[in-house]
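Reviewing the structure listed below.
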């Protein structure tokens, strides 16, 4: 088992691809086959696996979320940190704080066009912490004595 923490400085609302950082944590583990659990330690940001080839996908996802969960809705009671406060919490609940991805040969088993993204739901940037926990086995060669 191996665990690492990654800090992502966001630029405000939108997605930041973190696939390479998660792969780096996996490589540092030395594990070859298993599962990688990725967890966002925040209530106003989330994680997603989505297309990483065409940036219009990310734009369309953000547009959908903006229309579906608007900032400053008068029905929200919670607005301690501004009009994007409660909408950010709702968005993170809808998209989720954790992902599990299998790995083999020391690499995440993502599809051709898949990437792991941190999704910032607040209007301004934040330093976000993501915990990567890799569970699996390495590739060491067994000796006769074993």
| Within region 115-129, is there a residue that is modelled with pLDDT under 95, surrounded by fewer than 18 Cβ atoms within 10 Å (Cβ to Cβ) and either closer than 15 Å to residue 35 by Cα or touching a strand residue (DSSP E or B) at 6+ places or on another chain (Cβ under 6 Å) (or both)? | no
| message | Suppose the filter is outside any strand (DSSP E or B), in contact with a helix residue (DSSP H, G or I) (Cβ under 9 Å, 6 or more places away or on another chain) and touching a residue at least 12 places away in the same chain (Cβ under 8 Å); does residue 92 pass it? | response | no
| query | Could you give every pair whose Cβ atoms fall below 6 Å, whose first residue belongs to region 60-76 and is within 16 Å of residue 12 (Cα to Cα), and whose second residue is assigned to a helix (DSSP H, G or I), counting only separations of at least 6 or pairs across chains? | reply | 65/91; 71/87
| Are there any pairs with C-beta distances below 6 angstrom linking a residue in region 6-32 that is under 16 Å from residue 110 (Cβ atoms) to a residue that is assigned to a helix (DSSP H, G or I) and at pLDDT 95 or above, with the two at least 6 apart or on different chains, and if so which? | 15/58
| field | Failed item, numbered, when residue 79 is tested on (1) touching a residue at least 12 places away in the same chain (Cβ under 8 Å); (2) farther than 18 Å from residue 41 by Cα; (3) in contact with a helix residue (DSSP H, G or I) (Cβ under 8 Å, 6 or more places away or on another chain) | value | (1)
| Is it the case that region 111-121 has a residue that's touching a residue at least 12 places away in the same chain (Cβ under 8 Å) and over 30 Å from residue 31 (Cβ atoms)? | yes
| task | Go through region 1-66 and tell me which strands (runs of 3 or more DSSP E), entirely inside it, have 3 or more residues that are in contact with a helix residue (DSSP H, G or I) (Cβ under 7 Å, 6 or more places away or on another chain), over 21 Å from residue 81 (Cβ atoms) and at pLDDT 95 or above. | result | 2-9, 45-51
| said: Is it the case, given these coordinates, that residue 90 is at pLDDT 95 or above, touching a strand residue (DSSP E or B) at 6+ places or on another chain (Cβ under 8 Å) and over 21 Å from residue 137 (Cα atoms)? | reply: no
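The values are calculated or read from the model by the stated rules, or taken from the named source; none is laboratory data. From a predicted model like this one, the values you see are computed outputs, not experimental measurements. Positions of Cβ are backbone-derived with ideal geometry, glycine not excepted, and every protein chain shown enters the neighbour counts.
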